Amino acid sequence: MADSVEPPPLFENVDMKREEAEDDDLFESAVQSQPSANLCLEEDGHDLLNGDSDIGEEIDKLMLNDKSEMENVPINNQSTIATPTMEEVEAEGGDQFIEITITEPQKVGDGMGAYMAYRVLTHTNMPFFKKREFAVMRRFSDFLGLHDKLTEKYLKVGRIIPPAPEKNVIGKAKIKMAQSEQAGNGSDFIERRRAALERYLRRTSQHPVLIVDPDFREFLECDIELPKATNTSALSGAGVMRFINKVGETVNKITYKMEETDPWFENKLVHVEGLENQLRKLHYNVEAMVSYRKELANLTNGVSRSAAMLSVCEDHNLLSRALSQLADTEEKVEAVHMEQANTDFYILCEMLKDYLGLLGSVRDAFHERTKMFQLWQHSQQMLTKKREAKAKLELQGRTDKVDQAGVEVIEWEAKVERSQESFDRISKMIKLEMDRFEKCRIQDFKVTFIKYLENHMEHQAQLVKYWDDFLPEAKAIA
Amino acid sequence: MGDRVMGDDGTVSLTDNSLIVDISDALSEKDKVKFTVHTRTTLKNFNKPEFHVVRQHEEFIWLHDRYEENPVYAGYIIPPPPPRPNFDASREKLQRLGEGEGTMTKEEFNKMKQELEAEYLATFKKTVAMHEVFLTRLASHVMFREDEHLHVFLEFDQDLCARPRGRFQQFGGFVKSLGSTTDQYYLNVTVRDVHDFFEKQMNSLTEYHGKLKEGTVKTDKMTEKHKEVADSYIKISGGLVQLANIDPGPLDKYLMKVADGFEKARKLESRVASDEDLKLADTLRYYMRDSQAAMALLVRRLKCLATYEAANRALERARQKNKDIHAAEKAQTEACERFDSISTQAKEELLDFKTRRLHAFRKSLIELAELEIKHARTQQDLFKKSLQNLQELM
């Protein structure tokens, strides 16, 4: 069913055929059913809580990392956020988990044709995967392709699909041009992308329906090079089409005002918009803090060097020694500032950004519902027209055409019924999805802030240690 | 930064109350600061035992110049003059804040305003302290405290700087760095220094001064940026509060607690920045200026040496021509004596400078480390407590 391209957005050109396909009840998971969905949601919350256990390990990792890696140390080097699936209902337990990590970005090829490949490693005990542990190499466009496929399949029924990381044309070009793999030459960019891809896969795997999707499973476990998703390229023909569609959609979103019968949706949309505004502002301000802190780290390095130079031309031995120790201390402080900036960024800043994207996906789902509504309204209008046409023909006594008109009326009655059903279904689906989404969001925020504060606290502890070590040196002067 | 020197040479003991000077009040007006200089004394050469006058920055410079140009003090390190009060940066920031008022919530605006006002106040206090230190150093120095210009400065209740600027320089106040750097170059080239010790001192002082200057600039940049980081927390905690307000439910209490944590952390981070400024930057800054004063002393000595060598040559010529020998001899003896005395004095002063520096750095670095530890510990505890609160809300 996923063979059709997303229909052009404008109201008049709605493809009727789509409705027939809807009857399949979609390509939802074979296991999908209402009661299990509800149960799943409860389990969601419980299992996500279990994800906290590895924070201690991460902090140890942070402290042990030597300075050369400091700038690129990702905070989420490894950790778990357990995910349940629908099968749990049958497996009667919350002991199913999946853990996805992305490691070892490698440059493949040379020149403009080169690309980065990422190793996607999965640990799981879910029965529908072929093995318990497996890894594949994927490139960025593969991720985008996966997202496109999932969107095509599931957005129409109102599911909230986690967005894929953004393309960043400039950063990418820098990587391609880079002669060597090391040097700050965009290695920050690579790390940022790696972390974003990891978060994307983890979020997607948290979704009970998406996790069992065959395309998703293939992405994780099939150790073959996936067909190059050429239409994910921004400048391709498909890319241009997508852009046009998107513009059309945006116009539709602005111009079409749906008469809302269910206040739940109106309230939710207002809530979502409010969240978006606040998160946007917060994200902007956290970004500012990150950049200030990075600058602070650099300036601290300047102070360290000055102290070292002073130490050299200071002729009193003990003061000279103390100044040299000060230089060392400031260097360590610089490293802490840098790590804190990384914490600010990878834990806080990127989460906020992710949620801005996710809220966009929420809006997309809401918009699908609006389109369904438009469809339904349209079919009702067509039905009325056909009925009027039939009545007119009857009055005119055109018995030859009346039969045909009658057939059309029946057709449209069926369409009205189906589109209404679809609309009701998508409305229900969205409510379910939002419920799950909100639970995840709340949990995510809580966990993230705790992680952030824990890291911050650790950094302060490091500062205490460094200055504590310095104090006797200062006292030893004279 | 209070330089009550430990070394016994040149200073009066701390328990001596014969001349106590402080700045009891200060007023910031438009673009000038008026300092109320308050004196308590038991010395007979003053009219009253206690009195005060109002002085502006230029008058402090006038006083410094009078010491610098006096040959009697040639062998001493003259305490460096205080820098001119500069509130431009603070004023600019306050103005920018005012312009941006519309873009932030009332709370955020008030907090930022508070921070800037505190900054302004801190700058103000610093300039008062620096002017005060200058005077106390003079008042506690066995030679300097006797100077009549100091007495005039402390007691004369009229404006000292009634004359326009230009005339100062005519009066021989030609002391600024403009003069001394060209002097150094000139003198180093044409006069061979008789004493190795002084040549080494000059070189190392020059280098040291340069490094201190650099250190001061870098530390200033760092503390300013540190303050910026702290201030950035304001918008974040504000944003979290706003988020909590529009997100009723299980998250709002949580977010409020996080916002609270940020706000408390901000205050601590701000303290760290200002303590780094007070303990590290200001120490470097002061000794940058003091080392410059020491270099000025060495330049004066070199000038004296040049005079002495010139007198020697003059004496030789006089002997050859057999004319005015007596006068030449007298001049030469005087020059020699002056040079010797300045050299001896200078040596002591340089040693003293070293000791002063040592103690000041020691004190400042210890205080710096202790404060850093204190603030970091407090932040650590703050986060621990926040985490406990948040875990309860989970």
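Each value in this text was obtained by applying a stated rule to the coordinates, not by laboratory testing. None of the values given here were measured: they were computed from a predicted structure. Please note: Cβ atoms are built from the backbone with ideal geometry, for glycine as well, and neighbour counts cover all protein chains shown.
Number of residues in the range A:305-344 that are surrounded by fewer than 22 Cβ atoms within 10 Å (Cβ to Cβ), closer than 20 Å to B:ASP282 by Cα and touching a Leu at 6+ places or on another chain (Cβ under 8 Å) equals 2. When restricted to residues that are crowded, with 19+ Cβ neighbours inside 10 Å and out of contact with any Lys or Arg (no Cβ under 8 Å at 6 or more places or on another chain), the range A:408-436 contains 5. Candidates are the residues of the range B:238-251 that are more than 7 Å from chain A (Cβ to nearest Cβ) and not in a helix (DSSP H, G or I); the one that is surrounded by the fewest Cβ atoms within 10 Å (Cβ to Cβ) is B:PRO248.
Taken over the range B:205-237, residues that are at the interface with another protein chain (Cβ under 7 Å from one of its Cβ atoms), of a type in the set (Lys, Arg) and closer than 27 Å to A:LEU323 by Cβ amount to 4.
Which residues, counting only those in the range A:463-478, are more than 7 Å from every other protein chain (Cβ to nearest Cβ) and buried (at least 20 other Cβ atoms within 10 Å of the Cβ)?
As a first pass, look at the range A:463-478 and keep what is more than 7 Å from every other protein chain (Cβ to nearest Cβ): A:465-466, A:469, A:472-473, A:476.
Those that are more than 7 Å from every other protein chain (Cβ to nearest Cβ) and buried (at least 20 other Cβ atoms within 10 Å of the Cβ): A:TYR466, A:GLU473.
Residues of the range B:52-80 that are more than 21 Å from the chain's Cα centre (by Cα) and β-branched (Val, Ile, Thr): B:VAL53, B:VAL72. Just one of the numbered conditions (1) within 11 Å of another protein chain (Cβ to nearest Cβ); (2) within 30 Å of B:LEU268 (Cβ to Cβ); (3) surrounded by 17 or more Cβ atoms within 10 Å (Cβ to Cβ) is not true of B:ASP381: (3). Condition test on A:GLU454, is it touching a residue at least 60 places away in the same chain (Cβ under 8 Å), part of a helix (DSSP H, G or I), touching a Gly at 6+ places or on another chain (Cβ under 7 Å) and under 30 Å from A:ARG199 (Cα atoms)? Here the answer is no, as A:GLU454 does not meet what is asked. I want to confirm something. Restricting to the range B:32-59 and keeping residues that are among the charged types (D, E, K, R) and touching a helix residue (DSSP H, G or I) at 6+ places or on another chain (Cβ under 9 Å), which single residue is surrounded by the most Cβ atoms within 10 Å (Cβ to Cβ)? Restricting to residues being among the charged types (D, E, K, R) and touching a helix residue (DSSP H, G or I) at 6+ places or on another chain (Cβ under 9 Å), the top hit is B:ARG55.
In this structure, is B:HIS141 crowded, with 19+ Cβ neighbours inside 10 Å and more than 23 Å from B:LYS32 (Cβ to Cβ)?
Yes; evaluated as a whole, the condition is true for this residue.
Looking only at the range B:347-370, decide whether some residue is under 24 Å from B:MET288 (Cβ atoms), buried (at least 17 other Cβ atoms within 10 Å of the Cβ), in contact with a helix residue (DSSP H, G or I) (Cβ under 6 Å, 6 or more places away or on another chain) and among the polar types (S, T, N, Q). Yes; the residues of the range B:347-370 include at least one that is under 24 Å from B:MET288 (Cβ atoms), buried (at least 17 other Cβ atoms within 10 Å of the Cβ), in contact with a helix residue (DSSP H, G or I) (Cβ under 6 Å, 6 or more places away or on another chain) and among the polar types (S, T, N, Q). Residues of the range A:317-353 that are within 11 Å of another protein chain (Cβ to nearest Cβ), in contact (Cβ under 8 Å) with a residue 12 or more places away in the chain, within 22 Å of A:TRP467 (Cα to Cα) and of a type outside the set (A, V, I, L, M): A:GLN325, A:THR329, A:GLU330, A:GLU334, A:HIS337, A:GLN340.
Look at the range A:289-316: where a residue is facing chain B (nearest Cβ under 7 Å) and farther than 28 Å from B:TYR233 by Cα and a partner is acidic (Asp, Glu) and surrounded by fewer than 19 Cβ atoms within 10 Å (Cβ to Cβ), sitting 6+ places away or on another chain with Cβ atoms under 6 Å, you get A:SER306/B:GLU214; A:CYS313/B:GLU207. When the range A:372-404 is filtered for residues that are under 30 Å from A:THR250 (Cα atoms), touching a helix residue (DSSP H, G or I) at 6+ places or on another chain (Cβ under 8 Å) and not aliphatic (A, V, I, L, M), the ones remaining, listed by number, are A:PHE373, A:GLN374, A:TRP376, A:HIS378, A:SER379, A:GLN380.
Could you say whether any residue in the range A:269-286 is among the aliphatic types (A, V, I, L, M), touching a residue at least 24 places away in the same chain (Cβ under 8 Å) and farther than 27 Å from A:GLU438 by Cα? I'd like the intermediate steps shown before the answer.
Narrowing the range A:269-286 to residues among the aliphatic types (A, V, I, L, M): A:269-270, A:272, A:275, A:279, A:282, A:286.
If we keep only those that are touching a residue at least 24 places away in the same chain (Cβ under 8 Å) as well, we get A:269, A:272, A:275, A:279, A:282, A:286.
Now drop any that are not farther than 27 Å from A:GLU438 by Cα, which leaves none.
Within the range A:269-286 (the criterion being among the aliphatic types (A, V, I, L, M), touching a residue at least 24 places away in the same chain (Cβ under 8 Å) and farther than 27 Å from A:GLU438 by Cα), the answer is no, since none of the residues qualifies.
Can you tell me which residue among B:ALA294, B:ALA327 is more than 14 Å from chain A (Cβ to nearest Cβ) and in contact with a helix residue (DSSP H, G or I) (Cβ under 8 Å, 6 or more places away or on another chain)? Quick ask: steps written out before the conclusion?
Numbers: B:ALA294 fails: more than 14 Å from chain A (Cβ to nearest Cβ).
It is B:ALA327.
Please state which one of B:GLU392, B:GLU349, B:GLU334 is more than 9 Å from chain A (Cβ to nearest Cβ), closer than 30 Å to A:LEU318 by Cα and in a helix (DSSP H, G or I).
Working: B:GLU392 fails: closer than 30 Å to A:LEU318 by Cα; B:GLU334 fails: closer than 30 Å to A:LEU318 by Cα.
Every option except B:GLU349 fails the conditions.
Residues in the range B:42-65 include at least one that is aromatic (Phe, Trp, Tyr) and part of a strand (DSSP E or B). Going through (1) buried (at least 20 other Cβ atoms within 10 Å of the Cβ); (2) of a type outside the set (A, V, I, L, M); (3) more than 7 Å from chain A (Cβ to nearest Cβ); (4) under 19 Å from A:LYS281 (Cβ atoms) one by one, B:TYR254 falls short only on (3).
Identify, from the list B:THR136, B:THR123, B:THR103, the residue that is more than 26 Å from B:GLU276 (Cα to Cα) and among the polar types (S, T, N, Q). Spell out how you get there, then give the answer.
Working: B:THR136 fails: more than 26 Å from B:GLU276 (Cα to Cα); B:THR123 fails: more than 26 Å from B:GLU276 (Cα to Cα).
Answer to the selection: B:THR103.
Restricting the range A:438-455 to residues that are among the charged types (D, E, K, R) and under 10 Å from A:ILE347 (Cβ atoms), the residue that is nearest to the other protein chains (Cβ to nearest Cβ) is A:GLU454. Restricting attention to the range B:359-378 and to residues that are more than 7 Å from chain A (Cβ to nearest Cβ) and touching a Ser or Thr at 6+ places or on another chain (Cβ under 9 Å), the residue that is farthest from B:VAL272 (Cα to Cα) turns out to be B:ALA360.
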